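The values are calculated or read from the model by the stated rules, or taken from the named source; none is laboratory data. Since we're looking at a predicted model, the values are computed, not measured. With ideal geometry, Cβ positions are generated from the backbone for all residues, glycine too; neighbour counts draw on all protein chains shown.
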Amino acid sequence: MAITFYDFSAKNLQGTDIDMSSFKGKTVLVVNTASQCGLTPQFEGLEKLNQKYKDKDLVILGFPCNQFGNQEPGDAKSIADGCQLNYGVSFPMFSKIEVNGKNEHPIYKYLKGELGGLFGSKIKWNFTKFLISAKGKPLKRFSPITKPEKIDQYLEKILK
């Protein structure tokens, strides 16, 4: 049987292992985040998508990463506090991971393998986004500069 997004797990900011299978039947948007990036205000747009579509089975998953310009230097508590205080983030946030290189998280290895980028599969910067179907299949990859508002048009089609 083919591997799907549901075959993976990751630790949340509280250190609890979360099976991605717990999101079966939901459309998932996976985002590598950073709290000190020029793109950090995208948290606001992501939270708006979360509020708009959470009752239509959208789940946004944030994966903090410090691989780009050391823009996520904090620990789990400071990441959680920053997301909540500054942007009102209510979607699940996970422990800091690596998205490229020998220590890349298996979820990102899988997503990059399924949906390579324009210049190869490597993640180029914070806030690269992957849209995953309710069946666990990666559908579309969005660049870091694609604002969450632009993703809304895809979600409207999928989340009827």
Q: Answer yes or no: is there a residue in the stretch 64-78 that is buried (at least 19 other Cβ atoms within 10 Å of the Cβ) and either without any contact (Cβ under 8 Å) to a residue 12 or more places away in the chain or under 12 Å from VAL31 (Cα atoms) (or both).
A: yes
Q: Go through (1) loosely packed, with under 15 Cβ neighbours inside 10 Å; (2) over 17 Å from VAL30 (Cβ atoms); (3) modelled with pLDDT of 90 or more one by one and return the number of the condition LYS137 breaks.
A: (2)
Q: Among the numbered conditions (1) surrounded by fewer than 21 Cβ atoms within 10 Å (Cβ to Cβ); (2) free of Cβ contacts under 8 Å to residues at least 24 places away in the same chain; (3) within 24 Å of LYS135 (Cβ to Cβ), tell me where LEU85 comes up short.
A: (3)
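Could you grab me the full set of residues in the stretch 128-141 that are touching a helix residue (DSSP H, G or I) at 6+ places or on another chain (Cβ under 6 Å) and either hydroxyl-bearing (Ser, Thr, Tyr) or within 16 Å of PHE63 (Cβ to Cβ) (or both)? Full working, then the answer.
First, the residues of the stretch 128-141 that are touching a helix residue (DSSP H, G or I) at 6+ places or on another chain (Cβ under 6 Å): 130, 132, 136, 138.
Result: PHE130, ILE132, PRO138.
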**Q.** Residue, nearest to ASP55 (Cα to Cα), within the stretch 101-160, restricted to residues that are in a loop (DSSP other than H, G, I, E, B) and hydroxyl-bearing (Ser, Thr, Tyr)
**A.** SER133
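Quick check on ASP55: is it among the charged types (D, E, K, R), more than 14 Å from the chain's Cα centre (by Cα) and closer than 25 Å to GLY113 by Cβ? Let's see the steps before the verdict.
Working: among the charged types (D, E, K, R): yes; more than 14 Å from the chain's Cα centre (by Cα): yes; closer than 25 Å to GLY113 by Cβ: no.
The answer is no for ASP55.
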